[in-house]
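Q: I have a structure I would like to understand better, so I am pasting it below and will then ask my questions one at a time.
Taken together, the values in this text are just the output of simple stated rules run on the coordinates, not laboratory data. Just so it is clear, the model here is predicted, and its values are computed rather than measured. Because the Cβ atoms are built from the backbone with ideal geometry, glycine has one as well, and the counts that use them run over all protein chains shown.
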Amino acid sequence: MDERAVKLTLKNVSKTFYDRNGGIPAIQNVSFTVYDNEFLVILGPGLCGKTVLLNTVAGLEQPTSGQIFLDSRELHGTDPGIGMVFQKKALFPWKTVMQNVEFGPKMRGIPKDERRKTAQKFIDLVGLQNFENSFPHELSGGMKQRVGIARAYANDPELLILDEPFGALDAQTRYSMQEEIIRIWKSEKKTILFVTNNIEEALYLGDRIVLLSRQPATVKETYVIDLPRPRDMLSPEFLKLREKISANMDITV
Ligand SMILES: Nc1ncnc2c1ncn2[C@@H]1O[C@H](COP(=O)(O)OP(=O)(O)OP(=O)(O)O)[C@@H](O)[C@H]1O
Ligand SMILES: [Mg+2]
């Protein structure tokens, strides 16, 4: 039996959207666990229901049925223990990098000196020192995602959810952000739930990969990836796993 502490549990979670023509299931009977400090990747084809799944875990959508637990606590709606980095632009464009990152602590009533210190720590951690006073429109795509990551960490969540955070980046920036997120994960010891539609990215990052089917998303398979880090995307072991997962992944056109 696996003795590791479980951070997140999904039990038969389904989400159906209803309109006048009836119900459209987006996710169906999804069950999995995420261990404490684990880097778990959800891999699924485009439009299969990945964002709906993450939003449901984050409490932004209510599940139609099923249960979600953080530790042993059942979740009903948003929870301060969960932080999110969104797929689409989610920074306040009228706020500076510093103001974006310290927004969460400010909302929680953390005194100014303390929240500045926290925000600075995470701005430094994501490599944005000297950009504290920049506005989002002055930053590259990769830098904006760094701000999103710093902002989520500044809230000190137990579980960090990242929804295709690097999907809009060019290939080179994407590779460097993949290295960065592993470095940050190792230094901060948080549980991460990371969504992607990219097999290589999933294999580079994940301790385990939960593979979803096309819509309605169901769990097709879970893979344990015990390749040493930093991972070599050209190693025979990596390529073999890529082949194996690729053969099992639904294609959406
Ligand atoms: N509020 C909503 N009402 C009705 N249908 C919705 C709603 N939100 C999502 N859907 C549908 O659920 C399905 C899954 O959408 P979702 O955004 O989760 O896909 P995804 O896997 O995140 O896609 P992508 O790879 O493009 O990010 C889609 O068919 C979408 O149209
Ligand atoms: Mg999505």
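Q: 222 nm [θ] for the chain, helices only, -39500 (n - 2.57) per DSSP H run of 4+, per residue, to 500?
A: -10000 deg cm²/dmol
Q: In vacuo Debye scattering of the stretch 77-130, one point per C-alpha: log10 I(q)/I(0) at q = 0.25, 0.27, 0.30 Å⁻¹?
A: Debye curve over Cα of the stretch 77-130, log10 I(q)/I(0) at q = 0.25, 0.27, 0.30 Å⁻¹: -1.19, -1.27, -1.30.
Q: Translational D (Stokes-Einstein, µm²/s) of the chain at 20 °C and 1.002 mPa s when Rh comes from the Kirkwood sum over C-alpha pairs?
A: It diffuses with D of about 114 µm²/s by this estimate.
Q: Another one. Apply 1/(1 + (r/R0)^6) to the Cβ-Cβ distance of Lys95 and Gln129, taking R0 = 22 Å, and write down the FRET efficiency to the nearest 0.05.
A: So the FRET efficiency works out to roughly 0.80.
Q: Can you grab the distance from the C-alpha centre of the stretch 155-214 to the C-alpha centre of the stretch 29-71, Å, no decimals?
A: 14
Q: Can you give me the angle between helix 236-248 and the longest principal axis of the chain, using Cα atoms only, in degrees from 0 to 90, rounded to the nearest 10?
A: That helix lies at roughly 60 degrees to the long axis.
Q: Quick one: net charge around Gly141, please, counting Lys, Arg +1 and Asp, Glu -1 for every other residue with C-beta under 11 Å from its C-beta.
A: Result for the local shell: +3.
Q: Also, I was wondering about something else. Could you sort out which of Lys189/Lys220; Lys95/Lys117; Lys220/Lys240 sit more than 25 Å apart by Cα distance in this structure?
A: Lys189/Lys220
Q: Okay, moving on. Under a crude label model (7 Å from the Cα following the beta-carbon direction), how far is Ser31 from Lys121 in nanometres?
A: Here the modelled spin labels are 3.9 nm apart.
Q: log10 I(q)/I(0), Debye, Cα-only the stretch 183-225, no solvent, q = 0.17, 0.20, 0.22, 0.32 Å⁻¹?
A: Per q value, in the given order, log10 I(q)/I(0) is -0.53, -0.70, -0.81, -1.24.
Q: Helix 112-125: angle to the longest alpha-carbon principal axis of the chain, degrees 0 to 90, nearest 10?
A: For helix 112-125, the angle is close to 60 degrees.
Q: With only alpha-carbon pairs counted, each pair once and no self-pairs, how large is the Kirkwood hydrodynamic radius of the stretch 119-253 in angstroms?
A: Here the Kirkwood hydrodynamic radius works out to 16.2 Å.
Q: A further question follows. Pick out, in residue order, every one of the chymotrypsin sites (Phe, Trp or Tyr not before Pro) in the stretch 88-132 that is DSSP loop and has at most 13 other C-beta atoms within 10 Å; say none if there are none.
A: Trp94
Q: What is the angle, in °, between the Cα long axis of helix 141-154 and the longest principal axis of the Cα atoms in the chain? Nearest 10 is fine, range 0 to 90.
A: 90
Q: Over all Cα pairs of the stretch 1-123, how is the pair count split among 10 Å bins, expressed in % and running from 0 up to the last occupied bin?
A: The calculated distribution, bin by bin, is 11, 33, 31, 20, 5, 0.
Q: Turning to a different aspect of this structure: Can you pull the percent of Cα pairs in the stretch 56-167 with separation above 19 Å?
A: 47
Q: Tell me the net charge near Thr118. Cut-off is 12 Å between Cβ atoms, Thr118 excluded, with +1 for each Lys or Arg and -1 for each Asp or Glu.
A: Result for the neighbourhood of Thr118: +3.
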